[in-house]
Amino acid sequence: MRLVNPPGGHRGVLYTDTYLSVRWSPADSSVIVEGEVDVSNSAALASALAEARSERGEITIDAGALRFVDLAGLRALLAPASPVESGAVRLRNVPPYLRRLMEMLDD
């Protein structure tokens, strides 16, 4: 597990492990989350997203490359959108399985 704070601000890797990579997109300053998120790395994901949010306020998370997300991972993805927090978090490129999970939990 490795947290990286790039010196240039919004570029580079925010977190990486064997199953998960969280990095800034150089094209549009979104956060790209790739791989698998479960209870083993969800806290690290939450920390990386909180760091990104503290730098930008409003962030877009690109979830298109996520292959697996358990409930702990979903909580980590949505934690920055908590009503207690200010600003906004947007998810884009949400895979169908994750969209279904979010819809089931929304009911």
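The values are calculated or read from the model by the stated rules, or taken from the named source; none is laboratory data. Values in this document were obtained by computation on a predicted structure and should not be read as measured data. Note that each Cβ is placed from the backbone with ideal geometry, even for glycine, and that neighbours are counted across all protein chains shown.
Pairs are defined by a Cβ separation below 7 Å, a sequence spacing of at least 6 or placement on different chains, a first member in segment 14-33 that is over 16 Å from Leu74 (Cα atoms), and a second member that is assigned to a strand (DSSP E or B) and of a type in the set (Asp, Glu); the pairs so defined are Ser25/Asp62; Ser30/Asp62.
Counting residues that are surrounded by 14 or more Cβ atoms within 10 Å (Cβ to Cβ), in contact with a Cys (Cβ under 9 Å, 6 or more places away or on another chain) and modelled with pLDDT under 95, which helices (runs of 4 or more DSSP H) fully inside the chain reach at least 1?
Working: elements: 42-56, 71-78, 96-106.
Of the helices (runs of 4 or more DSSP H) lying wholly inside the chain, none has at least 1 residues that are surrounded by 14 or more Cβ atoms within 10 Å (Cβ to Cβ), in contact with a Cys (Cβ under 9 Å, 6 or more places away or on another chain) and modelled with pLDDT under 95.
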